[in-house]
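Visitor: I'd like to ask some things about the structure below.
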Amino acid sequence: MSKNITLKINNAKETVETVQFQTASGEVLRIPAQSKVNYQFIDEATQFGPENIMTKRVGDNLEVAFEGSDISNPDLIIEGYYSSEIDASKSSLLIGQHENGGMYPYVPESAEPADAVTMLAEEVEAGQALGGEIINSLWAPNPLWLLALLPLGAAAAALAKNDDDDKDNKAFITVDAPNDPSNTKPTITGTVDDVEPGQVVTLTIIDSKGDTQIVTTTVQEGGTYSVEVPNELPDGPYRVEAVVADKAGNVAKANDSSVIDSVVLLTVDAPDEVSNDNTPLIIGTSDAIGQIVTLTITDSEGVTHTLTVPVNEEGKYFIEVPDELPDGKYTVEATVSNTTGKTATATDEGAIDTTALITVDAPDLTNDNTPLITGTTTDAEEGQVVTLTVTDANGSTQVVTTTVKADGSYEVEVPSELPSGTYSVEATVTDKVGNVATAKDDGNTIDTTAPVITVDVPETGNDTTPTLTGSTDAPAGTVVTVTV
């Protein structure tokens, strides 16, 4: 018997397409699959969704047959429904309105997750019926729909049976999704009561992307079970439902949820400013508590230094570089792995400066008793203070300061007159990281007294180039200028 079916394709906002077709007509309706839509079926005779349909996966296509048709000659083919490029099977459901007014997805008549439309394996066919939880006709993310797969008719029958049947229905199960965020393949555990050893526990794991894994294990002596999730879960929340039946057919369900956060956190911090500490303290943080952080320090000469340090209970680590680093920039690379083998890396850099240089130059011999003192600095920043201590011939001192210029030089005039005689100058400067440099210039002379000189000229004679003589207390080598 043929039926007139209306197909509505609903996205999150509206019905984007409406198609009417007749079943059992010998002609198949082919439509391209879309992601993030619901495919709503309406039987024109009742204005409700058909109660039962048959589905089959053929390659990437989903084939649908309605009542009166055989799945070998489907009425509808949704092309590419299982294609990984479209991902329709991860987000798009077949739905219909029940006579009770609720909108429901089509769930497997077997109530087995593997028979759900989105989970069908190649060439597998399965009957579907309206059931599960009420949903909206417009599309919305519904990754947990697989946790409620009982058809409405079966639910009613089960309720009636429970009312009329006095058999044991005490089967009970618990499930525990562990609080182990870094473990992407957690072990799910649980317990059962009134369920015999060897009974199969079916676990449905739905991850943060809506992807589903189904894994089975058996009840052990003592009423426990455990199984590792076979494929890695992505970061984010996930949900687990456990289902078991005892030998009498009583079904028990339980669910739990947890979170995967496999990203390993790691920071490393070398001293920010240029430092004169050539065995600097390296600090950092990580959520890999108790794990070993490996630090690779590459100094300014390209030499590497490898250190290891554990992360303490507060999520911190610190270690002092044991070998002195040479002046210049250095880099630090930190690496740590958590208990599941996930690795994180962080880097930082610092600089070492343990030297500062200064020169000082005072005039060796001068009659300027407030001489100009000059000098140069290396690795002392512009604006740093140079302190000059001038000690004169009497042992008295003057302290005068000046600052380093942009080119590293400095100069300053002695403010108070120095007495004649020898004097010395000591210069000191400190760079911004605390390195101190000192230089001294001594054996310099102040002489402000004019020398005594005599000249002896022959009184008479016929020598037209007479020899002139004389004496002076000027130092040897001093030039005497004679004007005739």
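The values are calculated or read from the model by the stated rules, or taken from the named source; none is laboratory data. Note that the coordinates shown come from a computational prediction; the quantities given were computed from them, not determined experimentally. Please note: Cβ atoms are built from the backbone with ideal geometry, for glycine as well, and neighbour counts cover all protein chains shown.
Visitor: Go through the stretch 109-139 and give me each residue that's over 22 Å from ASN10 (Cα atoms) and not in a strand (DSSP E or B). Reasoning before the result, please.
Guide: Here is the first cut: in the stretch 109-139, the residues over 22 Å from ASN10 (Cα atoms) are 109-115, 120-127.
Result: GLU109, SER110, ALA111, GLU112, PRO113, ALA114, ASP115, LEU120, ALA121, GLU122, GLU123, VAL124.
Visitor: In the stretch 20-72, how many residues are among the acidic types (Asp, Glu) and not in a loop (DSSP other than H, G, I, E, B)? Walk me through how you get there before you give the answer.
Guide: Residues of the stretch 20-72 among the acidic types (Asp, Glu): 27, 43-44, 51, 60, 63, 67, 70.
Adding the requirement that they be not in a loop (DSSP other than H, G, I, E, B) leaves 43, 63.
So the count comes out to 2.
Visitor: When you go through SER275, SER286 one by one, which is the residue that is in the same structural domain as ALA334 (by TED's automatic domain parsing), in contact with a Phe, Trp or Tyr (Cβ under 8 Å, 6 or more places away or on another chain) and not aliphatic (A, V, I, L, M)? Before you say what the answer is, go through the steps one by one.
Guide: Values: SER275 fails: in contact with a Phe, Trp or Tyr (Cβ under 8 Å, 6 or more places away or on another chain).
Exactly one residue qualifies, and that residue is SER286.
Visitor: Sticking with this structure for a sec: Only residues that are under 30 Å from VAL425 (Cα atoms) and not in a strand (DSSP E or B): list them for the stretch 306-364, please.
Guide: If we filter the stretch 306-364 for residues that are under 30 Å from VAL425 (Cα atoms), which is where we start, we get 327, 353-364.
Passing the criteria: ASP327, ASP353, THR354, THR355, ALA356, THR359, VAL360, ALA362, PRO363, ASP364.
Visitor: If you don't mind, another one. If I go through the stretch 11-59 residue by residue, how many of them are among the polar types (S, T, N, Q) and under 49 Å from the mean Cα position of the chain (by Cα)? Working first, answer last.
Guide: Narrowing the stretch 11-59 to residues among the polar types (S, T, N, Q): 11, 15, 18, 20, 22-23, 25, 34-35, 38, 40, 46-47, 52, 55.
Next, only the ones that are under 49 Å from the mean Cα position of the chain (by Cα) stay: 11, 15, 18, 34-35, 38, 40, 55.
Residues that pass the stated criteria total 8.
Visitor: Kindly evaluate VAL332 against the criterion of being out of contact with any Gly (no Cβ under 8 Å at 6 or more places or on another chain) and among the hydrophobic types (A, V, I, L, M, F, W, C).
Guide: Numbers: out of contact with any Gly (no Cβ under 8 Å at 6 or more places or on another chain): no; among the hydrophobic types (A, V, I, L, M, F, W, C): yes.
Criteria not met by VAL332.
Visitor: Can you report the number of residues in the stretch 444-459 which are surrounded by 10 or more Cβ atoms within 10 Å (Cβ to Cβ) and in a strand (DSSP E or B)?
Guide: Here is the first cut: in the stretch 444-459, the ones surrounded by 10 or more Cβ atoms within 10 Å (Cβ to Cβ) are 444-448, 451, 453, 455-458.
From what's left, in a strand (DSSP E or B): 444-446, 453, 455-456.
Counting residues in the stretch 444-459 that are surrounded by 10 or more Cβ atoms within 10 Å (Cβ to Cβ) and in a strand (DSSP E or B) gives 6.
Visitor: Inspect all residues belonging to the stretch 232-239 and state whether any of them is among the acidic types (Asp, Glu), surrounded by 12 or more Cβ atoms within 10 Å (Cβ to Cβ) and assigned by TED's automatic domain parsing to the domain that holds SER182. Give the steps one after another, and end with the answer.
Guide: Taking the stretch 232-239 first, the residues among the acidic types (Asp, Glu) are 232, 235.
In the following step, the residues that additionally are surrounded by 12 or more Cβ atoms within 10 Å (Cβ to Cβ) were identified as 232, 235.
Next, from what is left, pick out any that are assigned by TED's automatic domain parsing to the domain that holds SER182: 232, 235.
Yes, the stretch 232-239 contains a residue that is among the acidic types (Asp, Glu), surrounded by 12 or more Cβ atoms within 10 Å (Cβ to Cβ) and assigned by TED's automatic domain parsing to the domain that holds SER182.
Visitor: Of all residues in the stretch 376-412 being touching a residue at least 24 places away in the same chain (Cβ under 8 Å) and closer than 18 Å to GLY443 by Cα, which is nearest to the chain's Cα centre (by Cα)?
Guide: LEU388
Visitor: For the stretch 419-436, give me the residue count where each residue is under 26 Å from GLU273 (Cα atoms) and in a loop (DSSP other than H, G, I, E, B). Quick ask: steps written out before the conclusion?
Guide: To start, the set of residues in the stretch 419-436 that are under 26 Å from GLU273 (Cα atoms) comprises 428-436.
From what is left, the residues that are in a loop (DSSP other than H, G, I, E, B) are 431-435.
Within the stretch 419-436, residues that are under 26 Å from GLU273 (Cα atoms) and in a loop (DSSP other than H, G, I, E, B) number 5.
Visitor: In the stretch 47-69, which residues are among the charged types (D, E, K, R) and farther than 26 Å from GLU99 by Cβ? I'd like the intermediate steps shown before the answer.
Guide: Step one: list which residues in the stretch 47-69 are among the charged types (D, E, K, R), which gives 51, 56-57, 60, 63, 67.
Selection gives LYS56, ARG57, ASP60, GLU63.
Visitor: Scan the stretch 187-210 residue by residue and report those that are at pLDDT below 95, touching a Pro at 6+ places or on another chain (Cβ under 8 Å) and within 15 Å of ASN255 (Cα to Cα).
Guide: THR202, THR204, ILE206, ASP207
Visitor: Within the stretch 205-231, how many residues turn out to be closer than 17 Å to GLU112 by Cβ and surrounded by 15 or more Cβ atoms within 10 Å (Cβ to Cβ)?
Guide: Count: 7.
Visitor: Hey, another quick one. Would you call THR370 of a type in the set (Val, Ile, Thr), modelled with pLDDT of 95 or more, part of a strand (DSSP E or B) and touching a strand residue (DSSP E or B) at 6+ places or on another chain (Cβ under 7 Å)?
Guide: Criteria not met by THR370.
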